[in-house]
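Q: I'd like to ask you about the structure that follows.
The values are calculated or read from the model by the stated rules, or taken from the named source; none is laboratory data. In this text, all values refer to a predicted model and were calculated from it rather than measured experimentally. Neighbour counts run over all protein chains shown; Cβ positions are idealised from the backbone, glycine included. The area values use the complete protein model at the heavy-atom level, side chains included, leaving out ligands, DNA and RNA. Shrake-Rupley method; radii C 1.70, N 1.55, O 1.52, S 1.80 Å.
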Amino acid sequence: MSGAEVRAVAPGRVVLIGDHTDYVGGLVLPMAIDLSTEVRGHRGGDHVELRSAQLDGTAHVDLPVADPSTVHPDWARYVAGVASVIGATTGLVGTVDSTVPPGGGLSSSAALELAVALALGAAVDPVPLARACRSAEETASGVPCGIMDQLCCAAGVEGHALLIDCATESYRTVTVPEDIEVWVLDSGQPRRLSESPYAARRREAEAAAGLLGHLPDVSPGAVESLEDERLRRRARHVRTECDRVREFADALDRGDLDRLGELVSASHRSLRDDAEVSTPVLDELVRTVESRPGVLGARLTGAGFGGSIVALTRAGTDLDGLGVSARRVRPSAGARLV
Ligand code: GLA
């Protein structure tokens with residue numbers, strides 16, 4: 001293949017606070033991280049062919065794409081989903097190389113989608129790019145995800161987290177102070193969102209919103225008056241989590257480390273008890289990590305049901321020796337052509 005060479009990079013993300021709120025228009029505060037996926041190759045021809053340095057098989061997708069959900073291997077569905085959503089007609093032959101662990105709750109799929117989209121010629125404007133890749137994710141995996149992962153990975157800014165209002169898809173950067181460290185710890189509990197109750201949680205939150213209105217704005221009294229106990233808990237999670245996100249952004253601005261830790265811990269309890277997306281393995285890991293000196297707070301991050309937890313620590317804290325993979329991550333730039 002002799003077409004123009006392209007190289008696109010997109011980061012993974014970690015959610016500092018604000019989970020299971022994006023799909024009902026809530027607030028979230030994720031940050032793009034220094035683990036990323038690179039797609040590199042030559043444009044031209046009538047198919048996309050990408051070999052992965054980490055994953056089995058080669059993604060071979062003929063253009064225009066017929067049905068992305070039937071493509072093999074599984075990871076190639078994201079490639080096909082993107083090619084289909086952006087209506088790609090010019091092909092690409094090359095490689096995918098990633099440091100974002102798959103299935104670890106760090107948005108490896110969003111990183112792949114964004115890198116493929118840019119390599120296939122999509123415009124770099126974060127909101128439309130994120131919308132296209134969110135739609136590709138749903139097409140490829142069947143998971144009715146929100147906009148958070150793709151928008152964070154598209155719009156990330158080095159040294160900053162993003163405060164995103166998913167109702168308006170507007171966002172602002174929030175500086176992550178140098179005296180805080182962000183760690184990701186892999187629980188070792190694998191999960192596939194398509195086989196998890198993620199879609200059920202979304203339906204329940206939407207049902208609660210159908211009764212009460214825009215959940216981030218409803219009064220605590222209105223939430224508690226919901227008769228259905230399950231819907232009441234789902235609504236309570238969204239409402240209180242959005243309050244915590246707002247407060248967390250303020251505490252980051254003030255550099256109030258203790259308050260940041262309290263909010264993160266409260267978020268985990270809400271995800272465990274009201275959203276019901278935690279697992280005993282994640283709860284135990286959060287408890288263990290929170291008992292270490294220097295840890296401000298810890299919570300599950302992303303969809304839950306397994307995957308990773310995030311811990312905020314004072315600078316210089318060491319989280320090695322816990323028997324799980326622990327990695328310090330840094331706030332990084334979003335998807336780009338390089
Ligand atoms: C997954 C989805 C996101 C979001 C989180 C939970 O990562 O892709 O849209 O719903 O779960 O906050």
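Q: Residues of the range 154-183 being over 30 Å from residue 225 (Cα atoms), in contact with a Gly (Cβ under 8 Å, 6 or more places away or on another chain) and aliphatic (A, V, I, L, M), which ones?
A: Once the filter is applied, which keeps residues that are over 30 Å from residue 225 (Cα atoms), in contact with a Gly (Cβ under 8 Å, 6 or more places away or on another chain) and aliphatic (A, V, I, L, M), the range 154-183 yields 154, 155, 157, 162, 176.
Q: Give the range 101-111 a look and list any residue that's in contact with a Cys (Cβ under 7 Å, 6 or more places away or on another chain) and either away from the ligand (no atom under 11 Å from the Cβ) or assigned to a strand (DSSP E or B) (or both), or say none. Spell out the reasoning first.
A: Taking the range 101-111 as the starting set, the residues that turn out to be in contact with a Cys (Cβ under 7 Å, 6 or more places away or on another chain) are 107, 110-111.
Passing the criteria: only 111.
Q: Given the conditions (1) open to solvent by less than 30 Å² (accessible area, probe 1.4 Å); (2) closer than 19 Å to residue 14 by Cα, which single one is not true for residue 272?
A: If we test residue 272 against (1) open to solvent by less than 30 Å² (accessible area, probe 1.4 Å); (2) closer than 19 Å to residue 14 by Cα, just (1) comes out false.
Q: How do the strands (runs of 3 or more DSSP E) wholly within the range 1-55 filter down when requiring 1 or more residues that are within 16 Å of the ligand (Cβ to nearest atom) and open to solvent by less than 40 Å² (accessible area, probe 1.4 Å): which remain? Please lay out each step first, then the result.
A: Details: elements: 5-17, 27-43, 47-52.
Once the strands (runs of 3 or more DSSP E) in the range 1-55 are filtered for at least 1 residues that are within 16 Å of the ligand (Cβ to nearest atom) and open to solvent by less than 40 Å² (accessible area, probe 1.4 Å), what remains is 5-17, 27-43.
Q: Being within 18 Å of the chain's Cα centre (by Cα) and either part of a loop (DSSP other than H, G, I, E, B) or among the acidic types (Asp, Glu) (or both) is the filter here; which residues of the range 177-187 pass it?
A: Narrowing the range 177-187 to residues within 18 Å of the chain's Cα centre (by Cα): 182-187.
Passing the criteria: 186, 187.
Q: What number of residues within the range 279-333 are of a type in the set (Ser, Thr, Tyr) and within 16 Å of the ligand (Cβ to nearest atom)?
A: Taking the range 279-333 and keeping what is of a type in the set (Ser, Thr, Tyr), we get 279, 288, 291, 301, 308, 313, 317, 325, 332.
From what is left, the residues that are within 16 Å of the ligand (Cβ to nearest atom) are 279, 301, 308.
Residues in the range 279-333 being of a type in the set (Ser, Thr, Tyr) and within 16 Å of the ligand (Cβ to nearest atom): 3 in total.
Q: Any residue in the range 81-100 that is part of a loop (DSSP other than H, G, I, E, B), of a type outside the set (Ser, Thr, Tyr) and within 16 Å of the ligand (Cβ to nearest atom)? Break it down into steps so the answer makes sense when it comes.
A: Narrowing the range 81-100 to residues part of a loop (DSSP other than H, G, I, E, B): 86-91, 99-100.
From what's left, of a type outside the set (Ser, Thr, Tyr): 86-88, 91, 100.
Narrowing further to those that are within 16 Å of the ligand (Cβ to nearest atom): 100.
Yes, because at least one residue in the range 81-100 is part of a loop (DSSP other than H, G, I, E, B), of a type outside the set (Ser, Thr, Tyr) and within 16 Å of the ligand (Cβ to nearest atom).
Q: Can you name the condition, by its number, that residue 213 falls short on among (1) of a type in the set (Gly, Ala, Ser); (2) at pLDDT 95 or above; (3) out of contact with any helix residue (DSSP H, G or I) (no Cβ under 9 Å at 6 or more places or on another chain)?
A: If we test residue 213 against (1) of a type in the set (Gly, Ala, Ser); (2) at pLDDT 95 or above; (3) out of contact with any helix residue (DSSP H, G or I) (no Cβ under 9 Å at 6 or more places or on another chain), just (3) comes out false.
Q: Another question about this same structure. Go through the range 112-134 and give me each residue that's within 12 Å of the ligand (Cβ to nearest atom) and either within 18 Å of residue 38 (Cβ to Cβ) or open to solvent by 10 Å² or more (accessible area, probe 1.4 Å) (or both). Walk me through how you get there before you give the answer.
A: Here is the first cut: in the range 112-134, the ones within 12 Å of the ligand (Cβ to nearest atom) are 113, 130, 133-134.
Residues satisfying the conditions are 113, 133, 134.
Q: Which residues, taken from the range 135-172, are of a type in the set (Val, Ile, Thr) and either in the same structural domain as residue 214 (by TED's automatic domain parsing) or surrounded by fewer than 16 Cβ atoms within 10 Å (Cβ to Cβ) (or both)? Reasoning before the result, please.
A: Restricting attention to the range 135-172, the residues satisfying the condition of being of a type in the set (Val, Ile, Thr) are 139, 143, 147, 157, 164, 168.
If the condition is that a residue be of a type in the set (Val, Ile, Thr) and either in the same structural domain as residue 214 (by TED's automatic domain parsing) or surrounded by fewer than 16 Cβ atoms within 10 Å (Cβ to Cβ) (or both), then 168 is the only one that fits.
Q: Inspect the range 240-254 for any residue being within 14 Å of the ligand (Cβ to nearest atom), more than 16 Å from residue 174 (Cβ to Cβ) and open to solvent by less than 10 Å² (accessible area, probe 1.4 Å) and give the result as yes or no.
A: Just the residues of the range 240-254 that are within 14 Å of the ligand (Cβ to nearest atom), to begin with: 241-242, 244-245.
Filter once more, so that each one left must be more than 16 Å from residue 174 (Cβ to Cβ): 241.
Retained after the next criterion (residues that are open to solvent by less than 10 Å² (accessible area, probe 1.4 Å)): 241.
Yes; the residues of the range 240-254 include at least one that is within 14 Å of the ligand (Cβ to nearest atom), more than 16 Å from residue 174 (Cβ to Cβ) and open to solvent by less than 10 Å² (accessible area, probe 1.4 Å).
Q: While we're on this one: So which pairs qualify, if the first residue must be in the range 66-91 and farther than 21 Å from residue 37 by Cα, the second must be of a type outside the set (A, V, I, L, M, F, W, C) and buried (at least 23 other Cβ atoms within 10 Å of the Cβ), the Cβ gap must be under 7 Å, and the two must be at least 6 apart or on different chains?
A: Qualifying pairs under 7 Å: 69/77.
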